[in-house]
1. Just to be sure, is I85 within 15 Å of L67 (Cα to Cα), modelled with pLDDT of 75 or more and open to solvent by less than 20 Å² (accessible area, probe 1.4 Å)?
2. Would it be correct to say that L269 is in contact (Cβ under 8 Å) with a residue 40 or more places away in the chain and surrounded by 10 or more Cβ atoms within 10 Å (Cβ to Cβ)?
3. Where residues in the range 1-60 are charged (D, E, K, R) and closer than 22 Å to D144 by Cβ, which of them is least open to solvent (accessible area, probe 1.4 Å)?
4. From (1) closer than 30 Å to A42 by Cβ; (2) in a helix (DSSP H, G or I); (3) of a type outside the set (K, R), pick out the condition that doesn't hold for L195.
5. Is the range 56-75 home to any residue that is at pLDDT below 80 and small (G, A, S)?
6. Do you know which of the residues in the range 226-257 that are assigned to a helix (DSSP H, G or I) and at pLDDT below 85 is most open to solvent (accessible area, probe 1.4 Å)?
7. Please enumerate the residues belonging to the range 61-71 that are outside any helix (DSSP H, G or I) and either more than 19 Å from A112 (Cβ to Cβ) or open to solvent by 50 Å² or more (accessible area, probe 1.4 Å) (or both).
8. Considering each of D189, D193, D212, D253 in turn, give the residue that is under 30 Å from E75 (Cβ atoms) and free of Cβ contacts under 8 Å to residues at least 60 places away in the same chain.
Amino acid sequence: MLDQVLVHGIFHVDLHPGNVLVTGDGRLGLLDLGSVGRLDAATRDAIGQLLAALGRRDSVAVSDALLQVVDRPAEVDERELQRAIGALIVRYAAPGSSAGAAAVAALLRTFAAYGLGVPPAVAAVFRAFATLEGTLGLVRPGFDLVTHARAAGTRRVAEALGPDRLRASLEDELAALLPVLRRLPRRIDRLGDALEHGRLRVNVRLFADEQDRRLVTDLLHRVLLTVIGSAAGIIAVLLLRTGGGPRISGAVDLFPVLGYFLLIVGMVLILRVLVVVFRRE
């Protein structure tokens, strides 16, 4: 199962006891391949780093590996996440402890608490290992899934750092980098020519980030409400001091009515700005 996840990237997701066949000579057969998960190379490497970090009980490395395989929001309190992951490691990753459905449920609750989204492929990995633990309890009672998974993760990371794997990775990186290197001298020449003849221009997009636009919009909104509220209050005071104006009814003049109306509007707008300011603080 670990080879399927960490090496091949194609694994059986639903290995409950009914989907495992034990032959007479002790071999295992997998049934019902309708539920199959697939992982890309980057996700496989991150899961291997996750298992290796669990072997070291390194909550910082575990949280870093998890952040590579989940969909993270714009802001994450990584220190608090590391503390939460550390608590889970102490509870579920100790030798002889259960790492089944309870551990997966606790991990998913931690993801939800910090706004982390779990891609379907990664969720399938968690589901596969949670289901596998129950099956191993029948095939080989007392099998320590946590210890073996941590050892396998450490071994996979060590194999990835071996000379052959490093050479293959270096060749792949050079093959991907070669087209860029071939175009680099031409682009440097164009850049130098533009700089020499004064044609070099730099375009900067102000407020390209959504948070920057939202901040400026909120500030303008509050300034506008303050200006309108203050203007309404000043006009209301002038109308109330002036008095008179066209007669609306027998004893009611227009200017006092408009003055009180604008005074209420100004007070509401100013109070709204104050509520927003003090509520954020």
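The values are calculated or read from the model by the stated rules, or taken from the named source; none is laboratory data. Nothing here was measured: the structure is a model prediction, and the numbers come from that model. Backbone-built Cβ (ideal geometry, glycine too); neighbour counts: all protein chains shown. To get the accessible areas, we keep the full protein, side chains included, count just its heavy atoms, and leave off ligands, DNA and RNA. Shrake-Rupley method; radii C 1.70, N 1.55, O 1.52, S 1.80 Å.
1. Values: within 15 Å of L67 (Cα to Cα): yes; modelled with pLDDT of 75 or more: yes; open to solvent by less than 20 Å² (accessible area, probe 1.4 Å): yes.
Considered against the rule, which asks whether it is within 15 Å of L67 (Cα to Cα), modelled with pLDDT of 75 or more and open to solvent by less than 20 Å² (accessible area, probe 1.4 Å), I85 comes out as yes.
2. Taking the combined requirement at face value, the residue satisfies it.
3. Across the range 1-60, the extreme among qualifying residues is D58.
4. Of the numbered conditions (1) closer than 30 Å to A42 by Cβ; (2) in a helix (DSSP H, G or I); (3) of a type outside the set (K, R), the odd one out for L195 is (1).
5. Yes, there is a match, as at least one residue in the range 56-75 is at pLDDT below 80 and small (G, A, S).
6. Out of the qualifying residues, it is R241.
7. Within the range 61-71, D71 is the sole residue that qualifies.
8. Among D189, D193, D212, D253, only D212 is under 30 Å from E75 (Cβ atoms) and free of Cβ contacts under 8 Å to residues at least 60 places away in the same chain.
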